[in-house]
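**Q** First the structure, which I've put down as structure tokens, then a few questions once you've had a look.
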Amino acid sequence: MSDEQHMKMHHESLDNETLFVVSQTFKALGDPTRIQILHLLFHDEYSVNGIAQALDLRQSTVSHQLRFLKNLRLVKYRRDGTTLYYSHDDEHVMKMLEQTIEHARHS
């Protein structure tokens with residue numbers, strides 16, 4: 001297969017839905033508050049109140065950001081009584097985030 005054919009095949013494989021999801025994922029990772037939340041959820045699960053306390057944010061801010069992240073399937077939750085506990089839901093994105101953080105720390 002020629003380089004031109006190879007490039008054309010890869011370009012055609014990016015349909016509009018894939019492009020949208022990729023751009024939304026980078027949008028999610030482009031916000032400092034969402035980065036903080038995802039970084040916190042990398043190793044453990046937290047309730048909305050727990051996230052708000054750990055990051056010194058308002059509960060409404062955390063809820064808004066979690067809704068955005070949940071819609072992208074970057075976080076998930078489990079219910080325990082009346083409390084929702086959030087954790088990360090995409091190992092690939094979490095690895096990319098952690099690698100980017102490590103890159104920034106060593107720059």
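**Q** From the list SER13, SER47, SER63, SER23, which one is among the small types (Gly, Ala, Ser) and at pLDDT below 90? Outline the logic, then answer.
**A** Numbers: SER47 fails: at pLDDT below 90; SER63 fails: at pLDDT below 90; SER23 fails: at pLDDT below 90.
Of the residues listed, the single one that is among the small types (Gly, Ala, Ser) and at pLDDT below 90 is SER13.
**Q** How many residues are under 11 Å from the mean Cα position of the chain (by Cα) and in contact (Cβ under 8 Å) with a residue 24 or more places away in the chain if we restrict to the range 34-69?
**A** The qualifying residues number 11.
**Q** What are the pairs with Cβ atoms under 6 angstrom where one residue, in the range 80-104, is surrounded by 12 or more Cβ atoms within 10 Å (Cβ to Cβ) and the other, located anywhere, is of a type in the set (S, T, N, Q)? Sequence gap at least six, or different chains.
**A** Here the result reads THR83/SER47; TYR85/SER47, each pair linking the range 80-104 to a residue that is of a type in the set (S, T, N, Q).
**Q** Among the candidates ARG73, ARG58, which residue alone is loosely packed, with under 14 Cβ neighbours inside 10 Å and either acidic (Asp, Glu) or within 18 Å of PHE26 (Cβ to Cβ) (or both)? Walk me through it before giving the result.
**A** Details: ARG58 fails: either acidic (Asp, Glu) or within 18 Å of PHE26 (Cβ to Cβ) (or both).
Of ARG73, ARG58, the one residue that is loosely packed, with under 14 Cβ neighbours inside 10 Å and either acidic (Asp, Glu) or within 18 Å of PHE26 (Cβ to Cβ) (or both) is ARG73.
**Q** What is the number of the single condition among (1) touching a strand residue (DSSP E or B) at 6+ places or on another chain (Cβ under 8 Å); (2) outside any helix (DSSP H, G or I) that LEU69 does not meet?
**A** Among (1) touching a strand residue (DSSP E or B) at 6+ places or on another chain (Cβ under 8 Å); (2) outside any helix (DSSP H, G or I), the lone unmet condition for LEU69 is (2).
**Q** Sticking with this structure for a sec: Given the options ASP80, ASP56, ASP44, name the one that is of a type in the set (Asp, Glu) and at positive phi.
**A** On the way: ASP80 fails: at positive phi; ASP44 fails: at positive phi.
Step by step, each of ASP80, ASP56, ASP44 is checked, and only ASP56 is of a type in the set (Asp, Glu) and at positive phi.
**Q** Let me ask you something else. Whether any residue in the range 74-87 is part of a loop (DSSP other than H, G, I, E, B), within 14 Å of ILE37 (Cβ to Cβ), among the hydrophobic types (A, V, I, L, M, F, W, C) and out of contact with any Leu (no Cβ under 8 Å at 6 or more places or on another chain) is what I want to check.
**A** If we filter the range 74-87 for residues that are part of a loop (DSSP other than H, G, I, E, B), which is where we start, we get 74, 81-82.
Now narrow it down to the ones that are within 14 Å of ILE37 (Cβ to Cβ): 74.
Retained after the next criterion (residues that are among the hydrophobic types (A, V, I, L, M, F, W, C)): 74.
Add one more test, that the residue is out of contact with any Leu (no Cβ under 8 Å at 6 or more places or on another chain), and what stays is none.
There is no residue in the range 74-87 that is part of a loop (DSSP other than H, G, I, E, B), within 14 Å of ILE37 (Cβ to Cβ), among the hydrophobic types (A, V, I, L, M, F, W, C) and out of contact with any Leu (no Cβ under 8 Å at 6 or more places or on another chain).
The values are calculated or read from the model by the stated rules, or taken from the named source; none is laboratory data. Computed from a predicted model, the values in this text were never measured in an experiment. Note: ideal-geometry Cβ built from the backbone for every residue, glycine included; neighbour counts use all protein chains shown.
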